[in-house]
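Here is the structure we will look at.
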Amino acid sequence: MVNLTINSIPVTVPEGTTILDAAASVDIEIPSLCYLKELNEISACRVCCVEVEGEGKLVPSCNNVVREGMVIHTNSPRALEARRVNMELILSQHDNKCATCIRSGTCQLQKIANDMGILGVSYPTDLARGKKADWTTTFPLYRDVNKCIKCMRCIQVCDKVQSLSVWDISGSGARTTIDVSENRVIKQADCSLCGQCITHCPTGALRERDDTQKAYAALGDPDRVTIVQIAPAVRAAWGEAFGMPTGKATVGQLVSVLRKLGADYVFDTTFSADLTIMEEGTELLQRLQAGDLDNQPMFTSCCPGWVRFLKSQFPEMTGRLSTAKSPQQMFGAVGKTWLAHNLGVDADKIYSISIMPCIAKKAERELPSMDSAGHGSDVDLVITTRELARMARAEHLDVENIAESAFDSPLGDGTGAGVIFGATGGVMEAALRSAYFLTTGENPSPDAFREVRDDGTISPLPWREATFELAGRTVHCAVASGLGNARQLLHSLQRREVHYEFVEIMACPGGCAGGGGQPVDGTDREKAADRGKVLFRLDQNAPLRFSHENPAVQALYREYLDEPCSHRAEELLHCDHFA
Ligand code: HC1
Ligand code: SF4
């Protein structure tokens, strides 16, 4: 242990502890901007500088460790002055247009500047001129070079967690900035659109393409019938955007918000998650029985970030994806066919909006294979959880106290199995529950496959694995979230170091619960695990916990599709990932 003094308080901490953490251990908060524990400890911003007595120098507290006998002042006049100068220099290269900034209220730069009482900047404004024009096009990810504070967090999260290295430092000296690596434009950069750079950005430099105006136009158009679907993971997180604890705001309240915003029908993506299970589970059994999985696994295909990653990084393995479309897209295809017929509505009048925790879903809906209902795109618009929150805020709704409202029928029916799609391991678990039923005619215990869940225990591998008996044989399963972990798993598969029949991969760490379109609160606290717990709790308490028991899914097969993987189901609900 190391003994030191911080602001006259005696502190004892283990060797190797940073000054920042040592101060936190006695409730002294040192402001920091670029720092992300174990990810970005480079002291680029130097806002966390403290004074070390007797050494005549200021040091960044995020990457300097404590030494025996140190006497540290976090708020000495020198430390405060250095912090203010560093902040003002950063602000001189920032556009400071808080009134029109997406992160106003959750921006860490804004918070620290306000906390420090900075009312003006002593240095001339010196904004970067970057490739801004490239970002104003239709790409779902948007970057504003004049809000970038060069903290390098996007570089680190994309490189270390997602293994894609889309971002890099560009230029030198005072002209140093962050841009797409290797002098590419973003469309050429194999970006998975996971959005992790956005959720880890401390300012408004990175954001999703804003599609709220299109949503307003559709919701207010009397000639359109708007059908809205809400993704599983949104329900666990949307209230955070209003300062509520994770999971406090319910999905029933969100349904009410959407009705207030003008939605004609509000449905649940968990309906089509259940449908996905029927199709993907049947495909799994068919491929197992055909011997197609003897050497290489079938991959889940519901995460478009993962699908984009696979197609760009391991194109030779694209054929291992399940052909099942994602729940979002299955919903879209069913919405403009069976549902339109059911509602007695002209399918051409339907405008289908998804509320998703995801940026990649915006690109997924635009893929050429996603128009199988024959009425334009099956899904017309994707709005992230954050965009939805902005729309609710603009409406001045008292979301905390709004009464719950039920989903519309029939695509509002979902099971607990559909809900857990939003957490890593959930798709696999839901699929195995129904695959067991499809092969034995009996339900397993709903929790029989919980081993694939991320329960917080450390896995010896960068992924989780489990083995189950299914269809008279042993099925080896693996679950990975985060694309860096996925890359390691794929390399092991290619080198034949591991063998699995069924593999679930989600691009975002923790699955959609940690999606790139989820609320950010400016605290840097990773919330995916807590949101995942909310989803598993909802499953635990759900009246139905098996996808094959979803009454709307059963009716859809009875009235329209016949059976899973039927000719019509293949046409509507499956796709060619090579297209
Ligand atoms: Fe997801 Fe999915 S779980 S991909 O994360 O399979 O976005 O929530 O909607 O489509 O159901 C996202 C979430 C979501 C799909 C489902
Ligand atoms: Fe989108 Fe979910 Fe995939 Fe993240 S894990 S890219 S939120 S679908």
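Relative contact order of the range 149-201, please, whole-number percent, based on alpha carbon pairs below 8 angstrom and at least 6 residues apart.
38 percent
If each of residue 442 and residue 185 carries a label point 7 Å out from its Cα toward its Cβ, how far apart are those two points in nm?
The two pseudo-label positions are separated by 6.1 nm.
Of all DSSP beta bridges in the chain, what percent run antiparallel (nearest 5)?
Looking only at bridges with both residues in the chain, the antiparallel portion is about 55 percent.
Using a 1.4 angstrom probe with every protein chain in place, what is the largest-first accessible-area order of 67, 153, 545, 558?
The most accessible residue leads, giving 558, 67, 545, 153.
What number do you get for the chain when its Cα radius of gyration is normalised by 2.2 N^0.38 Å, N = residues?
Normalised Rg, Cα atoms only: 1.01.
Need one number: nm distance between label points at residue 175 and residue 525, each 7 Å from Cα along Cα→Cβ, rounded to one decimal.
4.3 nm
So what's the net charge close to residue 551: Lys and Arg +1, Asp and Glu -1, counting the other residues with Cβ under 15 Å from its Cβ?
It works out to a net charge of -4.
Counting only DSSP beta bridges with both residues in the range 452-546, tell me the antiparallel percent, nearest 5.
If I count the DSSP bridges inside the range 452-546, around 60 percent turn out antiparallel.
Just how much of residue 512 is accessible, in Å², when a 1.4 Å probe is used and the result is rounded to the nearest 10?
Counting only protein heavy atoms, residue 512 exposes about 40 Å² to solvent.
Arranged from highest to lowest average of other beta-carbon atoms within 10 Å per residue, in what order do the peptides 257-263, 477-483, 44-50 appear?
For the peptides 257-263, 477-483, 44-50, the packing ranking is 477-483, 44-50, 257-263.
Which of the GluC sites (Glu not before Pro) found in the range 282-383 are in a DSSP loop and have at most 16 neighbouring Cβ atoms, other than their own, within 10 Å?
Here the GluC sites (Glu not before Pro) that fit, given the DSSP loop and packing criteria, are 366.
How much length, in nm to one decimal, is gained on full extension between residue 221 and residue 578, taken as 0.36 nm per residue of separation minus their Cα-Cα distance?
124.9 nm
Under a point spin-label approximation (7 Å from Cα along Cα-to-Cβ), what is the residue 396-residue 537 distance to one decimal in nm?
3.3 nm
Looking at the square roots a ≥ b ≥ c of the eigenvalues of the Cα gyration tensor of the range 284-388, which shape do they give, rounded for a/c under 1.5, prolate if a/b is larger than b/c, or oblate?
oblate
Using the Cα centre of the chain as the reference point, and only Cβ charges (+1 on K/R, -1 on D/E), how large is the resulting charge dipole? Debye, rounded to the nearest 20.
With Lys and Arg at +1 and Asp and Glu at -1, about 1560 debye.
Write down the Å³ per residue value for the convex hull defined by the alpha carbon atoms of the range 66-162.
Roughly 156 Å³ of hull volume per residue.
Whenever you get a sec, line up 1, 278 from highest to lowest accessible area (probe 1.4 Å, protein heavy atoms).
Final ranking, largest accessible area leading: 1, 278.
Set the Förster distance to 51 Å, then compute FRET efficiency between residue 260 and residue 118 from the Cβ-Cβ distance, nearest 0.05.
About 0.85, to the nearest 0.05.
Only sites in a loop by DSSP and with at most 16 other Cβ atoms within 10 Å count here; which GluC sites (Glu not before Pro) in the range 433-531 make the cut?
Loop-located and lightly packed - 442, 497, 526.
Could you give each residue of the range 477-492 its phi-based ³J(HN,Hα) in whole Hz, using Karplus coefficients 6.51, -1.76, 1.60 with θ = phi - 60°, and x for Gly or Pro?
Residue by residue, the range 477-492 yields 10, 9, 10, 10, 10, x, 6, x, 5, 4, 4, 5, 4, 5, 4, 5 Hz.
Suppose R0 equals 35 Å. What FRET efficiency, 1/(1 + (r/R0)^6) with r the Cβ-Cβ distance, do residue 67 and residue 111 give to the nearest 0.05?
0.70
Restricting to Cα pairs below 8 Å that are 6+ residues apart, what does the relative contact order work out to for the chain? Please round to a whole percent.
After rounding, I find 16 percent.
Report the FRET efficiency, 1/(1 + (r/R0)^6), for residue 89 and residue 210, where r is their Cβ-Cβ distance and R0 is 25 Å, rounded to 0.05.
Efficiency, from the Cβ-Cβ distance: 0.25.
Sum up the charges of everything whose Cβ sits under 14 Å from the Cβ of residue 349, counting Lys and Arg as +1 and Asp and Glu as -1, but leave residue 349 out.
Here the count lands on -4.
Order 348, 454, 95 by their accessible area, 1.4 angstrom probe, all chains in place, largest first.
Largest accessible area first, the list is 348, 454, 95.
The values are calculated or read from the model by the stated rules, or taken from the named source; none is laboratory data. Computed from a predicted structure; not experimentally measured. Here Cβ is always computed from backbone atoms with ideal geometry, including for glycine, and neighbour counts include all displayed protein chains. These area figures cover heavy atoms from the full protein model, side chains too; ligands, DNA and RNA do not enter into them. Shrake-Rupley method; radii C 1.70, N 1.55, O 1.52, S 1.80 Å.
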